[in-house]
Each structure stands twice: as structure tokens, then as C-alpha cells.
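For reference, the structure is listed below as C-alpha cells.
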Amino acid sequence: MIASLSRFVAFLWRLTNGRIGIALALNVLASFTEGVSLFLLIPLIATIDAGRSGPAIDIPIIGDLVQRFQPSLGLLLIGFVVLIVIQGALVRSKTLYLTAVMHRAIDRLRQAFFVNAGNAQWEVLQQSRVSDLNNILTVETSRIQIAASNLTSLFQALILLLTYLAMALLVSWQMALFAGCIGLVMFAVLYPIRRQATRFGQDVGQMFREQNHILLEFLNGIRVAKSFLIEDAYAKRFWQRLSLIRQSTLRYARISTLGTYSFQVMSAIAAAAFIWVAVEVAQLDFGRLVVLLLIFLRLAPRFGAMQESMQNLLSNLPAFDSFREQSTVFAQAAEPKGEMSEAAPRFTDEIRLEGLSLSYPGAAKPALEDVNLSIKFGRITALIGPSGSGKSTIADLVMGLLRPTDRPPPSGPRGLLVH
């Protein structure tokens, strides 16, 4: 999982030419302004509760700044509003920028796959079902985009979490350590659900491929299906596939919602334990207690957001592996490009096949073996035979889509000849 995630991050960086880093930087700035705006609550509390202001601002950095400048309540409120406005603008800018970058990146991804498929050798391309290629260009690339979105959401939640923990360290390092340990325990307890998310992503990808195959097979052969009165058979197969996807999705929904429910229960228990430790053990003053509670109330949803983003990321990440595998196959099977100045041979007499053989990779026996055939110019030549006898293979050979696997012997001019 970690290796696949690392490849995905590196892939996104290359695909967006590093522009995704700008969106992440905007995330960091937005998180920083949110943290600072929350930190302004400390001097606000100290100003409002003047009778306890001494202990409330006895905090490193913040306390020193407040005592040095002694800002008024109005100035603090204005600063709080300004920071919230800046944070909202940064979040909006990040969302718009990331949306534009990812849409362009996914378009480039689809275009690259389209080109690789078009340039692949025919013997490799024909081993893939048309429905699978269509599924990759539509469903799988959309899932990659969802995975990328969840990755940025995960990064944002992590940045905010670290920001709040750093703030909590300034207020009380003991309570910050306590909150961090609670979050890690909750995150670790939900690990089995994240594993189920990965399995679901792998299963649903295969189910969508089969559903798409049945659909395209029916639509492309609808005339044949109606001629043989087998529309109901196709409808039954399609319904079975839909049922499998629905059952799998509902099963995963039960597991994922159990994780959300468990996290809410654990968060409530953790909040109660946090307050008890802060009051009875650490014996924090009023100002620190209020700020820590606010920080904790911000921390708990970040752990939940990390869990949810990780689940969605892992459930869609298998689409990236599937896309990368198929794209690599096509890229490695690219057809050699001929010279543009080469002219096609003129067909004036006949096309003659002499002693041609062809074997598909992994096949138990040759598709064609020692074939001799003459196709006369200006005449109709019919190839007749049962399915699998090699009619389409001969046509592909004549058109140059396939090349013989057995080389002609040096003793004679055997091969495909055009006169």
C-alpha cells in the first residue's frame, strides 16, 4: 500500500508538472491562518476575563506579545475577522486552482492513454476488450481524479492536525501529548476498515469492467441479439452484474459507516477523558482550559477527516494501478514508425501469401501455419471457415496489422508479396 501510494504521489507531481505543489502550499497557508486565528482567542479570553488575565496569557510567545503590545478588544476582534477572511480566500483560491490543475491533468492522462492505445501493435491491442479500454478512459480515470482529490484532502487534514498540535504544545505540552496519543490510538484501531477499503477498490474495479463489457457487447450486437431473441438473456446478465456491484457497495458502506460511528463514540470518550485529565490532573487555569478545549474540538474532526480521506483514497487507488499497468503495456508495444517518404506498393496484379505462419503470444498452437494464398486484383476473394479458423488473422496480415512470426527461409522468396 505504501509503495503504491508513493508511486501515485510521484505520478501526480509529474502529471501536473509540479503545480499540485502550489495547491498544497495554499493549503499550508490556509491552515496557518486558521491556527493563528484560533490562537487569537487566548488574548481575547485574557482581555474579556480581566480578573484572570495573568494566568491566561502566561503562555510562551503569545503571552509575551500580548504583554508587550497590550492590544485592545476591538483590535483583537478586527484581527480575528481579517484572518478568517484571508483563510477563506486562500481556501477558495486553492479549490479553484486545484480543480483547474486536476481537470487538465486528467485530460492529459486520457489523451496519453488514447495515443498509446492507438500506437500499440495490433497483436497487443486486440488482446484487450474494447469495453475494458472504454472503462479505463472513463471510469478508471474518474476514480484516479477522486483519489487525487482525497489525497489533497488527506494532506490538508494532516497539516491542520499538526498546526493544532503545535498550538496545544505552547499551551500545555502534557495535554498536547495526551491528545496526540488518543488520536493515534483511534487511527490505529480503524486500520482494518482501511484494509477493507483497498479490497473494495480492487473488487469494484473488476465489477465495473464486467458491467461495461456486457453493456457494450449488447449495444454493439443489438441487431444480432434481437434477431436471435436473446435480449432477455443480456438483460439478466446485466442485472446480475448490477446486483453484484450494489451488494459490494452496500457491504463496504456498512463497514465504512461503522468506522465513522466508532470514531464518533471514541471521540466522545476521548473528549471526556481530555477534560477530566485537564481539570483533575493537570489542573489548568480557565484560560488555558478553554483554549485547549477549542483546539481539541478542532483536532478530533481532523482525525476523522484523515480516516475518511484515507478510506476513499484507498478504495480508488487500485484504479491508478490498473491504468498504469495497461498504459505501460501499450507504451512498450508501440509500433515502429516508418519513413514518411516510403510509398505503399501498388496493387496491380495480386497479393500472394507464401508459407506464412503466425502464433499469438501464449497460445497453445499457431493461429496460422504454412498458409499459401493468392488474392487477384479486380476479383472477389472469399475466406470461408468456422470461427477461429484464421479468417480475421489473414485479413489482418494482408492489411499489415499483423506480422508473420516465422521468418521466410533463405532458400526461397516466401512471405507476403504484393504485385
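Just so you know, all these numbers are worked out from the coordinates, no wet-lab data involved. Everything numeric in this text was worked out from a predicted model, so none of it was measured. Virtual Cβ from ideal backbone geometry, glycine too; neighbours counted across all protein chains shown.
I'd like the FRET efficiency for Ser243 and Val279, computed as 1/(1 + (r/R0)^6) with the beta carbon distance as r and R0 of 35 Å, rounded to 0.05.
Numbers: r = 54 Å, r/R0 = 1.55.
About 0.05, to the nearest 0.05.
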Inset, instruction - Work out the FRET efficiency for Ala331 and Ala395 from their Cβ-Cβ distance, taking R0 = 30 Å, and round it to the nearest 0.05. - result: 0.65
Inset, instruction - Starting from the stretch 176-258, pick out the chymotrypsin sites (Phe, Trp or Tyr not before Pro) whose DSSP state is loop and whose Cβ has at most 12 other Cβ atoms within 10 Å. - result: Phe228
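If you take the beta carbon distance between Phe114 and Ala364 as r and set R0 to 30 Å, what does 1/(1 + (r/R0)^6) give as a FRET efficiency, to the nearest 0.05?
On the way: r = 33 Å, r/R0 = 1.10.
The calculated FRET efficiency here is 0.35.
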Legend entry - Calculated on alpha-carbon atoms, Rg and Dmax of the stretch 2-332 in Å: 26.0, 90
Legend entry - Ranked list, fewest to most other Cβ atoms within 10 Å of each Cβ, for Lys391, Lys376: Lys376, Lys391
